[in-house]
Amino acid sequence: MNRDSASGKTPEEMYIQQKVRVLLMLRKMGSNLTPSEEAFLRTYSGVVSSQLSQLPQHPIDQGAEDVVMAFSRQEAEDRRQ
C-alpha cells in the first residue's frame with residue numbers, strides 16, 4: 001500500500017495503467033480484443049499513448065511465455081522506480 005501511494009498514483013490510476021498495458025500486450029501478441037476492451041483503450045487513449053512506448057520491444061513471433069516474462073520484468077522494474 002505504501003509503495004503504491006509513494007508513486008503518487010491512486011489505486012484507480014494504477015488499475016487503469018495496468019489494464020491498458022495488459023490489453024496492449026494481448027493485442028501485440030495477436031489476440032483479438034473484445035469490443036468492450038477496445039472501447040476501454042479508446043476511453044483511456046492518453047494512457048495508451050504513454051504505455052505504447054514502454055512496452056517491451058519483442059517480435060510477435062516470440063513465444064507468448066517469453067513476452068509475458070519480459071512484461072513481468074518490466075512491471076517489476078517500474079515498481080522499483
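The values are calculated or read from the model by the stated rules, or taken from the named source; none is laboratory data. On a predicted model such as this, the values are computed, not experimentally measured, just so you know. As a convention, Cβ positions derive from the backbone with ideal geometry for all residues, glycine included, and neighbour counts pool all protein chains shown.
Taking segment 5-20 as the region of interest, how many residues are in a helix (DSSP H, G or I) and either at pLDDT below 85 or of a type in the set (S, T, N, Q) (or both)?
Qualifying residue count for the region: 4.
Out of curiosity, is Glu38 among the acidic types (Asp, Glu), at pLDDT 85 or above and loosely packed, with under 12 Cβ neighbours inside 10 Å?
no
Taking only pairs six or more apart or across chains, which ones have beta-carbon atoms under 7 Å, a first residue in segment 1-18 that is closer than 17 Å to Ser49 by Cβ, and a second residue that is modelled with pLDDT of 80 or more and outside any helix (DSSP H, G or I)?
Ile16/Tyr44
Taking interchain pairs and intrachain pairs at least six residues apart, which have beta carbon atoms under 9 angstrom, with the first residue in segment 25-42 and under 21 Å from Glu12 (Cβ atoms) and the second modelled with pLDDT under 90 and aromatic (Phe, Trp, Tyr)?
Once the first residue is under 21 Å from Glu12 (Cβ atoms) and sits in segment 25-42, its partners that are modelled with pLDDT under 90 and aromatic (Phe, Trp, Tyr) give Met25/Phe71.
Run Gln74 past the list (1) in a loop (DSSP other than H, G, I, E, B); (2) surrounded by 13 or more Cβ atoms within 10 Å (Cβ to Cβ); (3) at pLDDT below 85 and report the number of the one that doesn't hold.
Condition not satisfied by Gln74: (1).
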